[in-house]
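Peer 1: I have a structure here, written as structure tokens, and I will follow up with some questions on it.
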Amino acid sequence: MKILKYLFLLLLLTLVALTVFVATQKGIFSIERSKVINSPRATVYNYVNDFRNYEDFESWSLEDPSMRMTFPNKTIGNGASYSWEGVEGKGSAITLKTKDGESIQQKMKFDDTEADVNWTFKDTLAGKTIVTWKAKGTMSFLFKIYTALNGGSDNVIGTIYEKSLANIDKNLDYETKTFTVKVNGVVKKTETPYIKQTFTSEISKVNKNARVVIPKLIHFSQTNGLHNNGKPFIIYHTYDITTGLAKISICLPINKEISISAGSDILAGKLNSFEAVKTTLTGDYSHTNEAIVKTRAFINNEKIVPELGWSHLEILTVSKLDVKSPSKLVTEIYFPTKPKVVPVPVEAPVYRPQTQTQTPAQQKPAATTTTPTPAKEEEQSEF
């Protein structure tokens, strides 16, 4: 019995000593990890800037099958947030400030541990991206014990960051490079009433703007008792690769034509029916330019006459609102064309020579009568 008492006392003293040791340790931590990601900076930034992608790359979520993540309507940009709950606890994160393509500032809470999180994105000469992930904060008492028993905060959090950055590289390398482009040929689009927002945008930011505008159009439609009649689409009124700018209308098709009072930033319109060359892009939106180049080559090779009144139309058949994986996105692209002129057959005229009847007194023996030769029929033009 005395041995058990001594063992219990020793265990108690050890626990007290560990508690005192942990309590006297600094609760402040500062972690930083960097990695070269084999994808363009804009692609990496957009991926990290959307909290919905975190369950695909954060190592702690991948290693805990029971973890449940909750996403609100806004998961991109300033004010975006998400929360999670798993075996080891629950937490949340919010985006405080972003600098497009360059940096993201966030605030994270995990039980009683809080941290200021910063991401930075820089180009490399090889077209890749250097991603730096920093976190600075204060640990809860339990987290201090956990890190003390597992090699310190830099080892625990730093390992999580290293694995997560590796997952970002792996996911983007596959997701952004897996795509197909198929030119479907000439089709006819039927007329479609819609609601829209029209503005000038940088071509590289059209997809980002669409993710912001489309939820507004959907909310407007629902609030006013309208019914969606298809997938959102983007009308490119102009598309200037020299300046990198495009005048666009981001549209939501609806079931009927409507009128909207003046002063609204959302307007109504109708897309008239038209003929077009259709191309289907399956994969990340960053490959849109490749699809456009292939479509224009088809138009030239087939000697199709383009309609130059406006540029083209993109239907977001499967968008980020439907799936998370970039490789599963589907964008239908329509380049308007002038209808082919079909020649109308014209019945060729029939020339009949006229005959003249003369009396014997009127006939002159020395004269001969010549019948005129019909003129050669003129060839009909196709145009």
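We did not get these values from a lab; they are worked out from the coordinates using the rules stated. The shown structure was predicted, so the numbers you read here are calculated from the model rather than taken from an experiment. Every residue, glycine as well, gets a Cβ built from its backbone with ideal geometry; the counts of neighbours run over all protein chains shown.
Peer 1: May I ask for the net charge around S61, where only other residues with Cβ less than 14 Å from the Cβ of S61 are counted and Lys, Arg are +1 while Asp, Glu are -1?
Peer 2: Summing Lys/Arg as +1 and Asp/Glu as -1 gives -2.
Peer 1: If Lys and Arg each add +1 and Asp and Glu each add -1, what is the summed charge of the other residues whose beta carbon sits under 13 Å from the beta carbon of R41?
Peer 2: 0
Peer 1: Would you calculate the convex hull of the Cα atoms in the range 147-237 and tell me its volume per residue in Å³?
Peer 2: Per residue, the Cα convex hull of the range 147-237 comes to 204 Å³.
Peer 1: Let me ask something else about it. Whole number please: convex hull volume per residue of the Cα set in the range 194-279, in Å³?
Peer 2: Dividing the Cα hull volume of the range 194-279 by its residue count gives 115 Å³.
Peer 1: Using only the C-alpha atoms of the range 181-337, find the volume of their convex hull and express it per residue in Å³.
Peer 2: With only Cα atoms used, the range 181-337 gives 112 Å³ per residue.
Peer 1: From the phi of every residue in the range 262-270, what ³J(HN,Hα) in whole Hz does the Karplus formula 6.51 cos²θ - 1.76 cosθ + 1.60 yield, where θ is phi - 60° and glycine or proline is x?
Peer 2: Couplings: 4, x, 7, 7, 10, 10, 10, x, 9 Hz.
Peer 1: Sticking to Cα atoms, compute the Rg of the range 98-213 to one decimal and its Dmax as the biggest Cα-Cα distance, whole number, in Å.
Peer 2: Taking only Cα atoms of the range 98-213, I get Rg and Dmax of 21.7, 68 Å.
Peer 1: Next question, about the same structure. For the pairs K122/K163; K134/K231; K97/K128; K35/K182; K196/K303; K74/K109, flag any whose C-alpha to C-alpha distance is greater than 28 Å.
Peer 2: K134/K231; K35/K182; K196/K303
Peer 1: Under 13 Å from the Cβ of P306, count the other residues' Cβ atoms, weight Lys and Arg +1, Asp and Glu -1, and hand me the total.
Peer 2: +1
Peer 1: With θ set to phi - 60°, apply the Karplus curve 6.51 cos²θ - 1.76 cosθ + 1.60 along the range 106-118 and write out the HN-Hα couplings as whole Hz, x wherever there is a Gly or Pro.
Peer 2: Ordered by residue, 3J(HN,Hα) equals 9, 10, 10, 10, 9, 6, 9, 8, 10, 8, 8, 10, 10 Hz.
Peer 1: Placing one identical point scatterer on every Cα of the range 17-175 and ignoring solvent, what is log10 I(q)/I(0) from the Debye formula at q = 0.11, 0.13, 0.15 Å⁻¹?
Peer 2: Listed by q, the Debye log ratios stand at -0.44, -0.62, -0.82.
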